[in-house]
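Rule-based calculations on the coordinates, nothing more; no lab input. Keep in mind the model is a prediction, meaning the values are calculated, not measured. Cβ placement follows ideal geometry from the backbone for every residue including glycine, while neighbour counts extend to all protein chains displayed.
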Amino acid sequence: MAKDVIIACDFPGAKETFRFLDLFTQEKPFLKIGMELFYAEGPSIVKEIKRRGHRIFLDLKLHDIPNTVKKAMSVLARLDVDMTNVHAAGTIEMMRAALEGLTRPDGTRPLLIAVTQLTSTSEERMQRELLIQAPINDTIVQYARNTKEAGLDGVVCSPLEAGMVKEACGTDFVTVTPGVRFADGAKGDQVRVTTPARAAEIGTDYIVVGRPITEAADPVGAYRRCVKEFMMQ
Ligand SMILES: O=C(O)c1cc(=O)[nH]c(=O)n1[C@@H]1O[C@H](COP(=O)(O)O)[C@@H](O)[C@H]1O
């Protein structure tokens, strides 16, 4: 399984994105395009970033009735990204529909992963606001099992949960993990966080890092620090 750092390109538009990407003269980082950038620029931003030679995780977190998700995924399949996602809370039936929609006529498709519990969700809020009374880790493992049963490739969770997900679903089951902060960094709206080095020790496949890189005074230096901490473990 590939192990890599994915930069979350949470920018308002193409101009800011390319100003950021132009800083990287030596590396071609794996990039995540999320809702903000995709809603601002549409499919053209995916094509342009792909043309520059980056691998792309298109993070649109689909969550709707199975038929709608299937049709939307068949449109996203044409963008030829490397990875995309849905919410596991949409149920096994919805995830199966997503997989069907994403699979091209020749049988190929991007990696498809499912968000378990957002890394900004605390156990306390989940129980009090969403009335889910189970411990949050049990819900993450259950969502991961559902994701596997639906035939997807893996899940999004915090690196803190990657070990238990692998134990439940196997080492080949991919874990893509945001909620990463340097030991001396601000958490912001994230709740379930850890450092790149600890994420590597726990055994996650990919870490997703946004603001600690994009808002750093030296973004390339911050990216290299992440790669060093995560890949050198
Ligand atoms: O699916 C995601 O990528 C995602 C899931 C999740 O549970 N938590 C989470 O933070 N993300 C995304 O990962 C990125 C994290 O960014 P930073 O908090 O700036 O490092 C954001 O683009 C989020 O949309």
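Details
- Ordered by the number of other Cβ atoms lying within 10 Å of each residue's own Cβ, fewest first, Glu161, Glu93, Glu100 fall into the sequence Glu93, Glu100, Glu161.
- If you model the range 4-231 as an ellipsoid using its alpha carbon gyration tensor, with each semi-axis the square root of five times an eigenvalue, the axes come out at 26, 23, 16 Å, biggest first.
- Cβ-based exposure ranking for Val209, Val81, in which fewest neighbours within 10 Å come first: Val81, Val209
- Ascending count of other beta-carbon atoms within 10 Å, so fewest first, for Thr214, Thr25: Thr25, Thr214
- Coarse-grained scattering of the range 42-97 at q = 0.21, 0.24, 0.31 Å⁻¹, given as base-10 log I(q)/I(0) from a Debye sum over alpha-carbon atoms: -0.76, -0.91, -1.25
- Converting phi to 3J(HN,Hα) with the Karplus coefficients 6.51, -1.76 and 1.60 and the offset θ = phi - 60°, the range 29-40 yields x, 5, 10, 10, 9, x, 4, 4, 5, 5, 5, 6 Hz in sequence order, with x at every glycine or proline.
- The modelled label-to-label distance for the pair Lys28/Ala40, using points 7 Å beyond Cα in the direction of Cβ, is 2.5 nm.
- Whole-number D in µm²/s for the range 1-76 (Stokes-Einstein; Kirkwood sum over Cα pairs; 20 °C, 1.002 mPa s): 159
- Long-range HN-HN contacts of Ala8 with modeled amide H, under 5 Å: Lys32, Val209, Gly210
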